[in-house]
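A.B. asks: One structure, pasted below without further comment.
The values are calculated or read from the model by the stated rules, or taken from the named source; none is laboratory data. Note that this is a predicted model, so its numbers are computed, not measured. Quick reminder, even Gly has a Cβ in these numbers, built from the backbone with ideal geometry, and neighbours come from all protein chains shown.
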Amino acid sequence: MKRISLEKFTLGSVGILAITTLLSRLVGFGRWLTQGAFVGSGEVAGAYALANQVPNIIVEIVIGGALTGIMIPVLAGAVSAKQKQEVNAIASALLTWVTLILSLLAVSVFFLAPHIAGWLPIPAGANVENQLNLITVFLQIFAWQLPLYGVALVLGGVLQAQEKFFWPAITPLFSSLVTIASFWAYQQLLVSADATAAVQGLAWGTTAGVMALSIPLFIPVWLSGVRLRPSLGISAEVRKQALQLGGAGVVTLIAQQVSVFGGLLLMRKFGDPGTVAIFQYGQAIYMLPYALLIFPVVTAFYPRMAALYAAGDSLELSAQAEQTLEKVLKAGALGRAGLLAATPVAVAVFSFLTPVVGMGLMLYAMAFSLTGYGVMYFGQRVFYALGQVRMAAVVAIQTWALVILFQVIFVVGLSFPQVSHFTSVTEVGAQTLLGMGLGFAVGLGMSQFLYIRVLSKVLPQSQLRQALSQTWKFSMLTLFAGIISAYLLNQVLVLFEGVLR
């Protein structure tokens, strides 16, 4: 295989990903602002946020985790060898199986919605019957998001395997626009005193947003030359590879979703009715620097990495892995500085729309997890590309176990009166959100060293550890800049607080 420098290869791909992701994330951020303004952070918002996690968790565990490990490595070899019939066969079989499985699960969630609602935690002080009814209604409508998410995952993977990144990055913008419209419709229906119709409109509008995420992808897939047809057949060799990679992906996502669900339980147990919604608002802000700086670098590298491994070019693979890790570390440091600086402004904007007590503390803490999050994303992609399925699963389990362990320690610890008095964080919701953020920071911070140590073993020709020593000065400089910027912006906002409010 002809060697291509990482800079030449990724410049165009990263540029496309960065620009389209920026547009999608800006509109996505507008979605969260709109949700804060029109849905708020009360009981409806809490039920909506909790119920909306159910299809996401199901998709990630059942299909998303498997596809993360399968799509690029399985398709990359056939794509690079220009085996069109093989690409068509693999893509068709994956789409058929995913749609079938998730459609059956959607029907199951619809009928089991009242029981699922009963299993989910109800926050202290909330109307239990009202919360159960709301969650049930949301679940029965959100269930139909399941096959749509599956379509988006498969078609997005087909395009990325061909190094076509524009459409998978831009369709979230379409989804956010549709969802924003549903938030506005919810508010309008509430004004007309039709609460039942408002909830129905909110739920169906959100589901339509998932449709906008997935259905448009059929167009670029067709234009790329891939021809899809209903098919359940797949070759024995591909099936074996897919099962191995998919198994690792499922284990990885189960570990992550157990951590997510554990976090939900902590927030519902120790927080107040709006804590989950505020956490999700903050998480949307947290994901902006990750999506703009880290995600494009790793995503553009992933198909190329799989192709290099398939071609047996271990030297070039190791060299490009070194360069990519250094870029990820620098991107994480920049993202941390940007998040620290932007937090006072983000909190001020959200506070203008709805109370978000504790979101600022959470974001300040979570900013220190961005580098670890980026290294984790990079490391998992390297493991998948190299077929290191067991290693991918083991390290992922260890990472998310660290996160939930430290979240429990910090959330429970901050709930004690003596600790809250010492930290001056007395609001229940703020204590919980700060604990969640600290858990992310410490857990993911520790995991980045774990990933680099293990990756150095699976890529013995690389010098991955040197990336840390080569970037630490840059990391400290950006940290200092972020802290100073956050302090200055906070002082400006305090000065003009009366005007902003």
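A.B. asks: Quick one: LEU105 ticks every box in (1) surrounded by fewer than 19 Cβ atoms within 10 Å (Cβ to Cβ); (2) under 27 Å from ARG239 (Cα atoms); (3) not polar (S, T, N, Q) except a single one, so which number is it?
C.D. replies: (1)
A.B. asks: Within the range 425-433, can one find any residue that is at pLDDT 90 or above, out of contact with any Cys (no Cβ under 9 Å at 6 or more places or on another chain) and assigned to a helix (DSSP H, G or I)?
C.D. replies: First pass over the range 425-433, keeping only residues at pLDDT 90 or above: 432-433.
Restricting the remaining residues to those that are out of contact with any Cys (no Cβ under 9 Å at 6 or more places or on another chain) gives 432-433.
Cutting the leftovers down to assigned to a helix (DSSP H, G or I) gives us 432-433.
Yes - at least one qualifying residue is present in the range 425-433.
A.B. asks: Can you find even one residue in the range 205-218 that is over 22 Å from the mean Cα position of the chain (by Cα), within 21 Å of ARG25 (Cβ to Cβ) and either modelled with pLDDT of 90 or more or surrounded by 18 or more Cβ atoms within 10 Å (Cβ to Cβ) (or both)? Working first, answer last.
C.D. replies: Just the residues of the range 205-218 that are over 22 Å from the mean Cα position of the chain (by Cα), to begin with: 218.
Now drop any that are not within 21 Å of ARG25 (Cβ to Cβ), which leaves none.
No - not one qualifying residue is present in the range 205-218.
A.B. asks: Going through TYR384, TYR364 one at a time, which residue ends up being of a type in the set (Ser, Thr, Tyr), part of a helix (DSSP H, G or I) and modelled with pLDDT under 95?
C.D. replies: Values: TYR364 fails: modelled with pLDDT under 95.
The match here is TYR384.
A.B. asks: Would you mind finding the one in ALA321, ALA346 that is surrounded by 21 or more Cβ atoms within 10 Å (Cβ to Cβ) and either within 18 Å of ALA291 (Cβ to Cβ) or without any contact (Cβ under 8 Å) to a residue 24 or more places away in the chain (or both)? Please lay out each step first, then the result.
C.D. replies: Values: ALA321 fails: either within 18 Å of ALA291 (Cβ to Cβ) or without any contact (Cβ under 8 Å) to a residue 24 or more places away in the chain (or both).
Within the list ALA321, ALA346, the selection yields ALA346.
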